[in-house]
1. What residues qualify as long-range amide H neighbours of PHE302, i.e. H under 5 Å apart, gap of 5 or more or another chain, H built at 1.01 Å from N?
2. Only bridges whose two residues both fall in the chain count here: according to DSSP, what percent of them are antiparallel, nearest 5?
3. Where Rh denotes the Kirkwood radius from the mean inverse Cα pair distance, what is Rg over Rh for region 440-500?
4. So how strong a dipole does region 372-411 carry about its Cα centre when Lys and Arg Cβ are +1 and Asp and Glu Cβ are -1, to the nearest 20 debye?
5. FRET efficiency for ASN153 and ASP176, Cβ-Cβ distance as r, R0 = 30 Å, nearest 0.05?
6. Using only alpha carbon positions, build the gyration tensor of region 356-435, then give the equivalent ellipsoid semi-axes as the square roots of 5 times its eigenvalues, largest first, whole angstrom.
7. Please report PHE235, PHE324, PHE348, PHE185 as a ranked list, fewest other C-beta atoms within 10 angstrom at the top and most at the bottom.
8. Report Rg(Cα)/(2.2 N^0.38 Å) for region 232-299, keeping two decimals.
Amino acid sequence: MIDEFSGLTRRGLLGAGAAAAIGAAIGGAFPKSAAAQSDTTDDLVFVNGRIHTMDGKNTIAGSVSIRGGRFSAVDSAPPPRAGTRVIDLRGRTVVPGIIDNHNHVVLMGNRPGYHVPLENASSIADVQERVAASAATIPRGAWITTIGGFHRNQLVPPDANPRLPTLAELDTAAPDNPVYISESFSGPSTVNSRARAFFERQTPAIAVGDEGSIAAGPQATGRATLALRQTLLTFDERKRGASEALAYGLGLGVTTHLDQGAFQGTNTPGDGAAHEDNYTMHLPFLALRDEGRLSARLRINFLHQDAGPDLTTLAERLKHSFKFFGDDMVRTGGIGEFIAAPGPTSPFTEAAKLVARAGWRAEVHSLSATDFQQEIAGYEAAHAEFPITDLRWVVAHVPFITEPWLNRLKALGGGVSLTGWRYLAGTPEQNGPPFRMILNNGIHAGMSSDGMQIAPMNPWLHMYYATTGVNARGRVINGGQQITRQEALRLYTADNGWFLREEQQIGTIETGKLADLAVLSDDYFAVPDEKLKRIRSVLTVLGGRIVHDEGI
Ligand SMILES: [Zn+2]
């Protein structure tokens, strides 16, 4: 049925090879066509599906019609007019396009090399397969890289000792391409022989162990990542990376990203996976937009970490940028996920006042057992001078937030962004967030990945953790705080519209909203828990355009 679209969907931003690599990275399957932004939007009608609209009544529709880029009818397909394409879903589950309200897709798009996400790998053999699939589709000698987004905990059975792949294993997978795989922000890393030769040629040589290991930290992994950035990253390479990062998300059903910035890059070995230049890293994405090749919606937060009381960069940003400026594809979104440098002498409250006075949105993250207290108190101090009740300020991650503090944030009109990043390396002590308590509280809540360094982007992994409380080692670490699948999906769709101030536009399948949806590989509501992790999108629609298509 879908083959008739392939002319449309194969055009555009990815070569078939890159698309195949991405498809392989997602689930081992090779999609028939690449993500693309077409120049026309025909009417589309989906029939015979289980379409979870996520409207206020949790309506499950059988059909949905799209006209002019928006949903035009739900469960009442109008008579098709000339040019209408009818797609038989054959019982497949459909959900609204996933909104990731806090991630770092811009960092992912600026990685050096052909980036192979390993967040969905579940064994060393799986890593080898994905690396080999990438090697088969890229130029001989081109770099295959994975920088962040996964953890060794995923790669071995629960009773085995977690480890990264070895040099020999990576040589087997890709003998003709250098391979560099780096965990989290700053390693450790592992390489194959061709990559080792490159690193040993650096001055001074970067030490690579017999097994292919490069130590964590600035003197080893930091130097290695820097060398790759300085050697490989041209603007065209960044554009390729940006389009592949968005295409990767589309293969998982993610149609909208709220990017939360980077640590300001220094061009030194101290830079980790999360460092980039906050002033230029969006440009490859904006170039794609200008060329009509942006395949997903991007919302941009600006991250600022001024340590001094004059708040130099934040003040300049607020003076010279427009808030909530852009269009349905790209829009600025606020200040975050830092508004000031962290630490005991942080000018946090003054920064909050500056943001409040300018009428911008603020978002900060909480990781410790106490940091949210200073943050919410700082929000309150700003609110006392410049009310923020309508500005939708957010505290993200909140693994240890308590209900009294949640109520204080709620009183400010604020919300919390929840993530399942503890899935990768969490423990019964380092667990959370308290999903159940937060949903019962009723504060505005949404869900996000915080991918791509310390967490995966894959929303289905996060929904797995939110609904089971189980980490990558198969251990229940968040008992008593699990939520239902319906609740988790609602956080990732309908409830996330609020975080973007776009709840009238996206997040549900309702007449008049932008036509973003994902046709899933499996029934999210019926599969066993472990299969949640393998869900992907087989067909993704953005604004009425098919932007990812593996065939239904
Ligand atoms: Zn983040």
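Just so you know, all these numbers are worked out from the coordinates, no wet-lab data involved. Predicted model, so just to flag it, every value in this text is computed and none were measured. All Cβ positions, glycine included, derive from the backbone under ideal geometry; neighbour counts span all protein chains shown.
1. GLY333, GLY334, ILE335, GLY336
2. In the chain, approximately 45 percent of DSSP beta bridges are antiparallel ones.
3. 0.97
4. The dipole of region 372-411 has a size of about 100 debye.
5. With a Förster radius of 30 Å, E is 0.50.
6. 25, 12, 10
7. PHE235, PHE324, PHE185, PHE348
8. This ratio for region 232-299 stands at 1.15.
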